[in-house]
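In what follows, a structure is listed as structure tokens, so that the remarks can point back to it.
The values are calculated or read from the model by the stated rules, or taken from the named source; none is laboratory data. Fair warning: this is a prediction, and the values are worked out from it, not measured in the lab. FYI the Cβ positions are ideal-geometry reconstructions off the backbone, even for glycines, and counts take in every protein chain you see. All accessible areas refer to the heavy atoms of the entire protein, side chains included, with ligands and DNA or RNA removed. Shrake-Rupley method; radii C 1.70, N 1.55, O 1.52, S 1.80 Å.
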Amino acid sequence: MKLNKIITKTLLLSAMVCGHVNAADLIIKNATIFDGTGSDLIKNANVIIENGKVKAIETGKIKEKAKQIIDAKGKTVMPGLINAHLHLFWDFYDMPPQMPARSEVTAQAFINGDLTTRLRGHLENGFTSTFSPIDFQPYIYQVRDKIKKGEIIGPRIFVAGPVLLNAGSYYACGDLKDEELKWCNDHVRLPMDTPAQARASVQELVKK
């Protein structure tokens, strides 16, 4: 995935996005820099990226060469934003929230459809990292890995996995019935009714 594919009205800049340049040198010229520190904007700036990291921010004539040069044309370049709490497999676009994945079939359809579109939208709006505290396994791991491989364009996903829970239904599955309820509980929770179960569940999370 090249950076210029995700440039829309705002240019996004972060170490994560730069990493997808495959360590090739990149210069973003004629940019307005917002660094989030409270400093004044830096106008007509050039961002020099080397080996996936910001090497320098300069003004004036470009002194270095790069395999790729992007003309920002005055648009804003900024560090990537972080969404520190987002359950990807719950639909918070509608109220009350909906659960778009209720089976293997609907989970895969959601990953390949609406979720892919929404993840790209998050990235285009400046979010380059997202933390998923509770989500369905193995599907959340599939999403994380597809993004790493470039099969899905979206923010980098940090995953906690399913929730550790004693026997019973997870509250978010409460509106479901029969097979959908069983599927939800089987994929969003790991048992911890005994110390042995808790240890096994934690080790399963560690492997993921």
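Brief remarks follow.
- Extension gain for V163-A109 works out to 17.1 nm (0.36 nm per residue, less the C-alpha to C-alpha distance).
- Estimated at the nearest 10 Å², the accessible area of V159 is 40 Å² with a 1.4 Å probe.
- Among the protein heavy atoms of the chain, carbon and sulfur supply 53% of the accessible surface, probe 1.4 Å, non-protein parts ignored.
- For the chain, averaging the sequence separation of C-alpha pairs within contact (under 8 Å, six or more residues apart) and dividing by the residue count gives a relative contact order of 17 percent.
- Sorted from longest to shortest, the spans of the Cα atoms of the range 80-131 along the three principal axes equal 33, 23, 16 Å.
- Rolling a 1.4 Å probe over the protein heavy atoms gives the chain an accessible area of 56 Å² per residue.
- Heavy-atom accessible area for F110, with the other protein chains in place and a 1.4 Å probe, reaches approximately 10 Å².
- Distance distribution P(r), the range 26-125, all Cα-Cα pairs, bin width 10 angstrom from 0: 13, 32, 21, 20, 13, 1 percent.
- For the range 148-208, the alpha-carbon coordinates run over 38, 29, 15 Å along the three principal axes, in decreasing order.
- With all protein chains modelled, accessible area of I27 [1.4 Å, Å²]: 0
- Using alpha-carbon coordinates, inclination of helix 178-188 to the longest axis of the chain, degrees: 50
- Isotropic mean projected area of the C-alpha convex hull, the range 47-91 (nm²): 5.5
- Counting only protein chain heavy atoms and rolling a 1.4 Å probe, the accessible areas of I140, I153 rank, largest first, as I153, I140.
- Computed P(r) (all Cα pairs; the chain; 5 Å bins; percent): 1, 7, 14, 16, 15, 12, 10, 8, 7, 5, 4, 1, 0, 0
- About its Cα centre, the dipole of the chain is roughly 1100 debye, where the only charges are +1 on Lys and Arg Cβ and -1 on Asp and Glu Cβ.
- Relative to the longest principal axis of the Cα atoms of the chain, helix 195-207 runs at roughly 30 degrees.
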